[in-house]
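Below is one structure, written out as structure tokens, with a few remarks after it.
The values are calculated or read from the model by the stated rules, or taken from the named source; none is laboratory data. Computed from a predicted model, the values in this text were never measured in an experiment. Glycine also receives a Cβ, built like all others from the backbone with ideal geometry; neighbour counts cover every protein chain displayed. Protein only, heavy atoms only, side chains kept; ligands, DNA and RNA dropped before computing areas. Shrake-Rupley method; radii C 1.70, N 1.55, O 1.52, S 1.80 Å.
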Amino acid sequence: MREDDASIRLSTVVASVRTRLEPSHPALNALRSTAEAIDNAEPELALDDLCQIIRFFDVRITPTEYDTLRAVSQEFLMTDLLEGAHLLPFIRI
């Protein structure tokens with residue numbers, strides 16, 4: 001996976017999460033900054049931000065989205081970040 005591929009995959013996850021949230025959900029503003037990090041070619045920062053947003057705002061993600069985050073974290077050798085975020089409880093079925 002190239003950095004462009006990682007950015008596209010992260011953008012897809014961010015967009016999916018945003019569409020599921022209510023318009024007044026406080027995580028929406030934080031997700032905007034994550035999208036900006038992706039747009040600025042900073043997928044590593046975006047991955048870290050997204051993990052923190054999921055935990056802080058109790059945002060649910062799908063198993064497919066988690067798999068995408070795991071693949072991106074492996075590409076950037078950031079698996080320790082994903083493991084440290086303990087996102088498994090936030091995966092919805």
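Restricting to region 44-77, what's the tally of residues that are aliphatic (A, V, I, L, M) and open to solvent by 30 Å² or more (accessible area, probe 1.4 Å)?
Count: 2.
Which residue out of Asp5, Asp39 is of a type in the set (Asp, Glu), open to solvent by less than 70 Å² (accessible area, probe 1.4 Å) and modelled with pLDDT under 95?
Every option except Asp5 fails the conditions.
Residues of region 78-92 being closer than 21 Å to Ala27 by Cα and either in contact with a strand residue (DSSP E or B) (Cβ under 9 Å, 6 or more places away or on another chain) or exposed (fewer than 12 other Cβ atoms within 10 Å of the Cβ) (or both), which ones?
Answer for region 78-92, where residues must be closer than 21 Å to Ala27 by Cα and either in contact with a strand residue (DSSP E or B) (Cβ under 9 Å, 6 or more places away or on another chain) or exposed (fewer than 12 other Cβ atoms within 10 Å of the Cβ) (or both): Gly84, His86, Leu87, Leu88, Pro89, Phe90, Ile91, Arg92.
Being over 20 Å from Arg20 (Cβ atoms) and of a type outside the set (S, T, N, Q) is the filter here; which residues of region 52-81 pass it?
Correct list: Ala71, Glu75, Phe76, Leu77, Met78, Asp80, Leu81.
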